[in-house]
Amino acid sequence: MSEGEDDASERTDGASETDDDTSVSEDSASEESADDGGATENAEPDVDLEDERAAEDLDVAEEVLEHVESSDPAEVADELATLRFEVEALEAERDDYEEEVESLQSRLKRKQADFENYKKRMKKRREQEKARATEDLVTRLLDVRDNLQRALEQDEDADIRDGIETTLKQFDRVLEDENVEPVEPEPGDEVDPERHEVLVRMDSDQPEGTIAQVHRPGYEMAGKVIRTAQVAVSDGDE
């Protein structure tokens, strides 16, 4: 090969290397550009809310200004006066509502306090009425006790039966005044579990399962059983 051909070959190789370097640089730049573009697409927009509000206020102001400039001054003055009157009316109405709310709240607090005081008074009154009712009952029972005491103070040979019977009648009247009635079933009556307490079962000429005898009377007050009657139940004939 001649010297001219060698130089030409070297120049060709050098150009080839330069083209390769240029291609690599372009590829790198393309990749960087793609990366930058992707980052830009993925980034969320930074929205300034204050700027948006300011822009909206500015738009409104511009609309008002255009309206004022395009309207007759007298009409604008009338509109302003009307708006000013409406604002004053609304403010006065708001003040009235606030005063009414304060008044209602104050009245509510007073009513609540009055109700609490009422409950306390009623509780105290019920306690007093209960105490007076008990006091009245005890006072009448004291009279019965006095009669029994006088009967016991008589001579041992004295017949005190009449006095005891009279005292018992007096005691029964006290119970009747308190709306207390005896529970005294008759032999042969059906057993009422709410009014009768069965003590024993016994042979009797009464029908089986009915009351044969009453051992102790019961009592009810205002329709409520305060002591059940103790009874014996019949097993029927022997």
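The values are calculated or read from the model by the stated rules, or taken from the named source; none is laboratory data. Because the structure is predicted, anything quoted here is derived from the model rather than measured. Virtual Cβ from ideal backbone geometry, glycine too; neighbours counted across all protein chains shown. Surface areas here come from the heavy atoms of the whole protein model, side chains and all, with no ligands, DNA or RNA. Shrake-Rupley method; radii C 1.70, N 1.55, O 1.52, S 1.80 Å.
In region 196-224, what residues are surrounded by 12 or more Cβ atoms within 10 Å (Cβ to Cβ), of a type in the set (D, E, K, R) and farther than 17 Å from SER234 by Cα? Result: GLU220, single match.
The test for being at pLDDT 80 or above and in a helix (DSSP H, G or I) does not hold for LEU65. Restricting region 162-195 to residues that are under 16 Å from ALA229 (Cα atoms), in contact (Cβ under 8 Å) with a residue 24 or more places away in the chain and not in a loop (DSSP other than H, G, I, E, B) leaves a set whose member that is most open to solvent (accessible area, probe 1.4 Å) is GLU181. All told, MET202 meets the bar of being in contact with a strand residue (DSSP E or B) (Cβ under 9 Å, 6 or more places away or on another chain) and of a type outside the set (Phe, Trp, Tyr).
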